[in-house]
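S.K.: What follows is a single structure, and I will ask about it in a moment.
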Amino acid sequence: MNRIEIRELTKDHGTRRVVDHLTFDVLPGKVTGFLGPNGAGKSTTMRMILGLDRPTAGSATIGGSRFTALDRPLRQVGALLDPQAAHGGRRARDHLLALAVSNGIPPARVDTVLEQTGLATVARRRVGTFSLGMRQRLGIAAALLGDPAVLLLDEPTNGLDPEGIIWIRELMRALAAEGRTVFVSSHLMAESASFVDHLVVLGQGRLLADTPLSAFIDARSTPRVRLSTTDPARMEAALARSGLTMTATGEGRWSVDGIRAERLGALAAEEGIPLLELSDERASLEQAYLELTAEHAPFSAATA
């Protein structure tokens, strides 16, 4: 299995506990989002998974093995943690070629990932001349180089233009659909909601949530329906008999708290009331996330 297994993972920096007894799995076949406020321990956790930081206690394994025990690790695990990691004086293709040779990866694979990430035309330019978005693409190319079954990506959309954001979103979903394990850290809630299947949320080093995206949002959403009808008076009366109130929201629409669209649609059908529009209103990922982490953010600006 290509799952990432975190068991009682703990990291102390002096007297400060950065990661506090984390236990969760990252499974193949889905994109798992890794969320949390600044200082929550996300980057430290990823570094421990990759053997860059040593845990104070607990373990982090990939397919049952520690990353440092893997033979030719780039062929099993791809990672993007720092887009500035490539030496600025090295040409993009040479940077990837050095990584390929060190891990027994055929040189032809270098040209494949350069093409895949849109860098083929600048492959012989020095990395120091690259924009942030181009460096980001180079880091993604390095992560993909060994055609790995497991990918860890820290803020993969950082610096990308709109086309690049759409591209990386579709790439992550395609990789997960192939049965790979895709673990993505991000602060962009709206963007994360477009590609994440499962969420792991940290706060002050502790696990706050480990749940499917839909369940995470539903647990923090008050049932609410938006509707439009040609007979609002009858609809209002029918809802009142069930103890529900219809509130006008403008432009011929109403909202009803405490009910789901499926139940309201059935009620309208029983009463013979025509509906022009009917939909559930749910909290956004950002709203649900902020509700969960409000007490766990060590840095927060004063509101105006």
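Any read-out appearing in this document is the output of simple, stated calculations on the displayed coordinates, not a laboratory observation. Please read all numbers here as calculations on a predicted model, not as lab measurements. For neighbour counting, all protein chains shown are included, and Cβ atoms are generated from backbone atoms with ideal geometry for every residue, glycine included.
S.K.: Going by C-beta contacts inside 10 Å, put ASP218, ASP161 in order with the fewest on the left.
M.R.: Taking fewest neighbouring Cβ atoms as first place, the list is ASP161, ASP218.
S.K.: Still on this structure, I have one more. Residue-wise, which Karplus ³J(HN,Hα) couplings in Hz belong to the stretch 185-195, taking 6.51 cos²θ - 1.76 cosθ + 1.60, θ = phi - 60°, and x for glycine or proline?
M.R.: Running phi through 6.51 cos²θ - 1.76 cosθ + 1.60 with θ = phi - 60° gives 8, 7, 9, 8, 5, 4, 5, 4, 4, 7, 9 Hz.
S.K.: Rounded to the nearest 20 debye, what is the charge dipole size of the chain about its Cα centre when +1 sits on each Lys and Arg Cβ and -1 on each Asp and Glu Cβ?
M.R.: It comes to approximately 1320 debye.
S.K.: To continue, here is another question. In the stretch 224-280, with Lys and Arg counted as +1 and Asp and Glu as -1 at Cβ, which of these residues, THR229, LEU239, LEU276, has the Cα nearest the positive end of the dipole, that is, farthest along it?
M.R.: LEU239
S.K.: Okay, moving on. Under a 10 Å cutoff between Cα atoms, tell me which one of GLU277, GLU291, GLU155 has the largest fluctuation in the Gaussian network model of the chain.
M.R.: Per the Cα network of the chain with a 10 Å cutoff, GLU277 tops the list.
S.K.: Further question: When only C-alpha pairs under 8 Å and at least 6 residues apart count, what is the relative contact order of the stretch 93-245, in percent?
M.R.: So the answer I get is 14 percent.
S.K.: For ALA248 and GLN84, what does the FRET efficiency come to when R0 = 35 Å and r is the distance between their Cβ atoms, rounded to the nearest 0.05?
M.R.: My answer for the efficiency is 0.10.
S.K.: Per residue of the stretch 245-258, in order, report the coupling 6.51 cos²θ - 1.76 cosθ + 1.60 (Karplus, θ = phi - 60°) as ³J(HN,Hα) in whole Hz, putting x for Gly and Pro.
M.R.: 3J(HN,Hα) across the stretch 245-258, in whole Hz: 10, 9, 10, 5, 10, x, 6, x, 10, 9, 10, 9, 8, x.
S.K.: PRE reach from LEU188 (point 7 Å along Cα→Cβ): which of the stretch 134-157 fall under 20 Å by backbone N?
M.R.: Within reach of a label on LEU188: 134-144, 151-157.
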